[in-house]
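> Sharing a structure here in structure tokens format.
The values are calculated or read from the model by the stated rules, or taken from the named source; none is laboratory data. Quick caveat, the model's predicted, so the values are computed rather than measured. FYI the Cβ positions are ideal-geometry reconstructions off the backbone, even for glycines, and counts take in every protein chain you see.
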Amino acid sequence: MSDMEIVDRIAMCVERGKVDKNAPYPPDMKGLDGVKELTAQALAGGMDPNIVLTCGLMAGMSVVGKKFSKNEVFVPDLLMAAKAMNAGMEQLKPAFDSGAAKHKGTFIIGTVQGDLHDIGKNLVRMMLEGAGWKVIDLGVDTPPEKFLAELEKNPGAVVGLSALLTTTMVNMDKTVKLIREKVPATIVCVGGAPLTQEFCDKIGADAYAPDPQGIIEYLDEKICNN
């Protein structure tokens, strides 16, 4: 296969959720090479790791993300795509460690204090990783001070705040205020079922989106295209 053919194949396998040759899913691709093998082949053939990342792994996740935002695929499809993408990222890990491959930036994410829900946060994390970001996941029930401490360890990082309960949205407000006080230039993104653009504007956050793809597109426009 040519370089273009192999990255197209990687992208298709990510989109379909084909992790490796032994994976039974999807049934029509049983026994075929998956993301793990194809990524290893591309790197062994001397392909630039950044090309594998952007034109293969990220391209496949982008297709899935856009379909998800249009309700054309659903959470299980997204999870399988993320699993396949992670198989490729494992192959790329040495390139990231050596500096041969680079992330778009660092994204610190967590569910705010008092809130133990993590499904939405985890979906955002997976999509951001698939879009080429290094993601630091602080988990659930995260106090404002923990976001700030991690931000101070990673200057220039973007912060993402998640909440599912209306009763914990006040802690999202507190976190944004603390970040604005200490590191005012930080880009803060917010999301969660009860949130609205109006609430985002009210607490002084930079971006709100009802789905992960919206945040990715915002960051691409705000940071990566500048």
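> Scan the helices (runs of 4 or more DSSP H) fully inside region 1-77 and keep the ones with 1 or more residues being under 22 Å from Lys104 (Cβ atoms), among the polar types (S, T, N, Q) and touching a residue at least 24 places away in the same chain (Cβ under 8 Å). Show your work before the answer.
Details: elements: 3-16, 35-44, 59-69.
Answer list for region 1-77: 35-44, 59-69.
> Turning to a different aspect of this structure: Any idea which residue in region 205-226 is surrounded by the most Cβ atoms within 10 Å (Cβ to Cβ), counting only those that are touching a Lys or Arg at 6+ places or on another chain (Cβ under 9 Å) and not in a helix (DSSP H, G or I)?
Among residues in region 205-226 that are touching a Lys or Arg at 6+ places or on another chain (Cβ under 9 Å) and not in a helix (DSSP H, G or I), the one surrounded by the most Cβ atoms within 10 Å (Cβ to Cβ) is Ala207.
> Please verify whether Leu32 is surrounded by fewer than 17 Cβ atoms within 10 Å (Cβ to Cβ) and either more than 20 Å from Ile216 (Cβ to Cβ) or assigned by TED's automatic domain parsing to the domain that holds Met169 (or both), treating the condition exactly as stated. Walk me through it before giving the result.
On the way: surrounded by fewer than 17 Cβ atoms within 10 Å (Cβ to Cβ): yes; either more than 20 Å from Ile216 (Cβ to Cβ) or assigned by TED's automatic domain parsing to the domain that holds Met169 (or both): yes.
For Leu32, the condition - surrounded by fewer than 17 Cβ atoms within 10 Å (Cβ to Cβ) and either more than 20 Å from Ile216 (Cβ to Cβ) or assigned by TED's automatic domain parsing to the domain that holds Met169 (or both) - is met.
> Among the residues that make up region 57-66, is at least one of them farther than 20 Å from Leu92 by Cα and touching a Leu at 6+ places or on another chain (Cβ under 7 Å)?
Keep residues of region 57-66 that are farther than 20 Å from Leu92 by Cα, which gives 63-66.
Add one more test, that the residue is touching a Leu at 6+ places or on another chain (Cβ under 7 Å), and what stays is 64.
For region 57-66, residues farther than 20 Å from Leu92 by Cα and touching a Leu at 6+ places or on another chain (Cβ under 7 Å): present.
> What residue, among those in region 105-157 that are buried (at least 19 other Cβ atoms within 10 Å of the Cβ) and basic (Lys, Arg), is nearest to Val14 (Cα to Cα)?
So, considering only residues that are buried (at least 19 other Cβ atoms within 10 Å of the Cβ) and basic (Lys, Arg), the one nearest to Val14 (Cα to Cα) is Arg125.
> Only one of (1) surrounded by 18 or more Cβ atoms within 10 Å (Cβ to Cβ); (2) part of a loop (DSSP other than H, G, I, E, B); (3) not basic (Lys, Arg) fails for Ala87. Which number is that?
Every condition holds for Ala87 apart from (2).
> Say we look at region 176-191 and pick out the residues that are crowded, with 20+ Cβ neighbours inside 10 Å and either touching a Gly at 6+ places or on another chain (Cβ under 6 Å) or not small (Gly, Ala, Ser) (or both); which of these is farthest from Phe68 (Cα to Cα)?
Ile179
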